[in-house]
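Any read-out appearing in this document is the output of simple, stated calculations on the displayed coordinates, not a laboratory observation. Not measured: the values here are computed from a predicted model. Virtual Cβ from ideal backbone geometry, glycine too; neighbours counted across all protein chains shown.
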Amino acid sequence: MALYEHVFLARQDLSQAQVDALAAQATEIVESNNGKVTKTETWGLKSLAYKIDRNRKAHFVLLNIEGPGSVVAELERQTRINEDVIRYLTIRVDEHEAGPSVMMRKNERDKKRRERTGEF
């Protein structure tokens, strides 16, 4: 089975529950096409480098996927239709990263730094 990383950006005005529902919907699409989602990470609401469809921020979500190429084709087709997703990217990888992704480690490092300096 091929390994993929799928990242999508959801609109800034969605609640966290709606973003989780989008991730669950993507997982359902993958699993219904003989694929498997091995990890789902929500990176949170982050600022964008430039406006995308009048959005200055977006919710970032990462899915690690195992499956054939047809899984990715169907996932991207469904994602393209969804109005809540403003951007997405799927790449094939040789192996999935064990443990938390770089973005999650960065969030933890920044949190510890703020606690150490007394910023909130």
| In bins 10 Å wide, starting from 0, what share of all Cα pairs of the chain does each bin hold, as a percent? | 13, 41, 33, 11, 2
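Calculate, in nm to one decimal, what ARG105 and ALA73 gain on full extension: separation in residues at 0.36 nm each, minus their alpha carbon distance.
Numbers: separation 32, 0.36 × 32 = 11.52 nm, distance 2.99 nm.
Between ARG105 and ALA73, full extension yields an extra 8.5 nm.
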| query | Which of the peptides 53-60, 111-118 is most tightly packed, and how do the rest follow, going by the mean number of other Cβ atoms within 10 Å of each residue? | reply | 53-60, 111-118
| request: Rounded to the nearest 10 degrees, what's the angle between the helix 102-117 long axis and the longest principal axis of the chain, both from Cα atoms, 0 to 90? | output: 10 degrees
| said: Give the separation of the Cα centroids, the range 70-120 to the range 1-58, in Å. | reply: 8 Å
| message | Over 5 Å intervals from 0, what percent of Cα-Cα pairs in the range 69-120 sits in each interval? | response | 4, 14, 14, 13, 14, 14, 10, 9, 5, 2
| request: Step through the residues of the range 54-64 one at a time and calculate ³J(HN,Hα) from phi using the Karplus curve (6.51 cos²θ - 1.76 cosθ + 1.60, θ = phi - 60°), rounding each to whole Hz and writing x for Gly and Pro. | output: 6, 10, 9, 10, 7, 8, 9, 9, 10, 10, 8
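Below 8 Å, C-alpha to C-alpha, sequence gap of six or more: please give me the relative contact order for the chain in percent. Present the calculation step by step, with values, prior to reporting the outcome.
Values: 174 pairs, mean separation 45.8, N = 120.
Relative contact order here is 38 percent.
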| note | Least to most buried among THR90, THR38, by other C-beta atoms within 10 Å and fewest first, runs THR38, THR90
| remark: Sequence order, the range 5-14: Karplus ³J(HN,Hα) from phi using 6.51 cos²θ - 1.76 cosθ + 1.60, θ = phi - 60°, Hz rounded, Gly and Pro as x, gives 10, 10, 10, 10, 10, 9, 3, 6, 8, 7
| request: Could you state the angle between the C-alpha long axis of helix 16-32 and the longest principal axis of the C-alpha atoms of the chain, as a value from 0 to 90 degrees rounded to the nearest 10? | output: 30 degrees
| request: Kindly express, to the nearest 10 degrees and within the range 0 to 90, the angle between helix 69-81's C-alpha long axis and the longest C-alpha principal axis of the chain. | output: 60 degrees
| query | Taking only DSSP H segments of four or more residues, each worth -39500 (n - 2.57), what value at 222 nm results for the chain once the sum is divided by all its residues, to the nearest 500 deg cm²/dmol? | reply | -12500 deg cm²/dmol
